[in-house]
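Here is the structure we will look at, set down as structure tokens.
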Amino acid sequence: MEIKVPSLGESIAEVEIGQWLVKEGDLVKKDQNLVSIESEKATMELPASVAGGLVKIVKPKGSVVKIGEVIAVIDPEAKAGTVAVPAQEAAAPAPTATQTRVMPAAERLMAESGVNPSTVLPSGPGGRILKEDVQRAIETQPKTFTSSAPTAVPAPAPAVAATKSKGPRAEEIVPMTRMRRTVASRLVEAQQTAALLTTFNEVDLSAVMALRKEYQDAFTAKYGTKLGFMSFFVKASIDALRLYPQVNAEIRGHDIVYHHYHDIGVAVGGGKGLVVPVLRNAERMSFAEIELAITDFGKRAKDNKLTLEELQGGTFTISNGGVYGSMLSTPIVNPPQSGILGMHAIQDRPVAREGQVVIRPMMYLALTYDHRIVDGREGVSFLKRIKEVLENPARLLLEV
């Protein structure tokens, strides 16, 4: 049975083969992960559709393959030990006497692989042995199958291997992953095609922190997760997006598409770098549902378990550089979205309140937006609205 690259979405035409988790000759179980595959949007693991023996790895690590292309072959009838070649292929050995012409590429491949010439069935004109004939003979050779170990085994050499130099000025050259290449191209695309502008503000998180402290134990006991900051920012963003729908819109050709739903992308660190899973219809979600979803995203991102569907789309993005210690930054819009909110580190800073200098937990906020459809007034007002509702969270419930 051929293992093929499944369809991963309308926009995905090809993938890159990552780490093989099994090796040729291993017995595999149904649904056991065989290999990681990297698309331009995510890294995921491809499971075996049937149990059996892995006869051949067709595409080694580093190969770029198209959707539907064969990457491995599994024999469902394989058991521990040696598996015989199917009778119809083994019973008709082709003679390679002097009258049988062997093409140079085929002769070279036989020498390299050690294939017995008598097992090669010629298919070329006049009984010639072609390279493809030798490849088929290699695939049908008996394999000795063993139970595969639960841990990953060394994969075939990548198409482009990392290189290192030695000495006091050593360098290491590592090929970019397909996801990193896509991220890079999309960031450049955003800079080149959108009129990006960033506006800043700061927010006093005293009220939010007081609410978290007062209700944290009850919230955790009821929902099994902590009440974090992100749910407040998601709720505040939705409130502001309703008031300023341009920030939730996108340009499509010569049209502006206004989304009457709020799919909020939340940037999280993953095993292969930063990924942005999407909270679908976040306007319908409670604080607890948002926190549970984000916690789940974070765990599965580290294990590269997020699905393509969870990473696609989104009408607005929130990025929290504060978890890494960032004080201030200018986030880049994720096309075709028109806005992204940047959160930063919370720091106690002196501020003036009612004529007095007091110490408050302050955070700088940044909103980068596409000036083609979001005017400065809307951009600044959007960020100001987020500041207002976070400094007085009751407004989120009362919608005032």
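Points worth noting:
- In degrees, nearest ten, helix 376-391 long axis to first principal axis of the chain (Cα): 80
- The angle between the Cα long axis of helix 287-302 and the main principal axis of the chain comes to about 40°, on a 0 to 90 degree scale.
- Simple point charges give the picture: +1 on the Cβ of Lys and Arg, -1 on the Cβ of Asp and Glu, and for the chain a dipole about the Cα centre of about 680 debye.
- Subtracting the Cα-Cα distance of Leu397 and Tyr215 from 0.36 nm times their residue separation leaves 63.9 nm of extension gain.
- Projecting the Cα atoms of Val278, Pro393, Met110 onto the dipole axis of the chain, where Lys and Arg carry +1 and Asp and Glu carry -1 at the beta carbon, places Met110 farthest toward the positive end.
- Length added when fully stretched, Ser49-Thr307, from 0.36 nm per residue minus Cα-Cα: 91.1 nm
- Measuring between alpha carbons in the structure, the pairs from Lys30/Lys66; Lys164/Lys305; Lys59/Lys131; Lys235/Lys384; Lys66/Lys302; Lys299/Lys387 lying more than 21 angstrom apart are Lys30/Lys66; Lys164/Lys305; Lys66/Lys302; Lys299/Lys387.
- Coupling constants for region 56-68 follow from the phi torsions by the Karplus curve (6.51 cos²θ - 1.76 cosθ + 1.60, θ = phi - 60°), and in residue order they are 7, 8, 7, 10, x, 4, x, 6, 9, 10, 8, 4, x Hz; glycine and proline get x.
- Sites listed here are trypsin sites (Lys or Arg not before Pro) in region 197-262 whose DSSP assignment is loop and whose Cβ has at most 15 other Cβ atoms within 10 Å: Lys226.
- Along the axis of the charge dipole computed for the chain (Cβ charges of +1 for Lys and Arg, -1 for Asp and Glu, origin at the Cα centre), the listed residues Thr119, Phe232, Ala218 are led at the positive end by Thr119.
- Listed residues Ala170, Pro335, Gly265: farthest to the positive end of the dipole of the chain (Cβ charges): Ala170
- The structure-derived value of volume of the Cα convex hull per residue in Å³ appears in the list (1) 203; (2) 220; (3) 180 under the label (2).
- Across the chain, the mean sequence separation of Cα contacts (distance under 8 Å, 6 or more residues apart), normalised by length, yields a relative contact order of 16 percent.
- Computed helical MRE - 222 nm, the chain, DSSP H runs ≥ 4 contributing -39500 (n - 2.57), nearest 500: -8500 deg cm²/dmol
- Each Lys and Arg Cβ is given +1 and each Asp and Glu Cβ -1; about its Cα centre, region 179-398 then shows a dipole of about 400 debye.
- 0 to 90° range, to nearest 10: angle between helix 206-223 axis and the chain longest Cα axis: 50
- Residue of Val208, Val278, Val247 that the Gaussian network model of the chain assigns the largest fluctuation, springs spanning Cα pairs under 10 Å: Val208
Coordinate-derived values only; no laboratory data. Remember, predicted model here, so these are calculated numbers, not experimental data. Cβ: placed from backbone, ideal geometry, glycine included. Neighbour counts: every protein chain shown.
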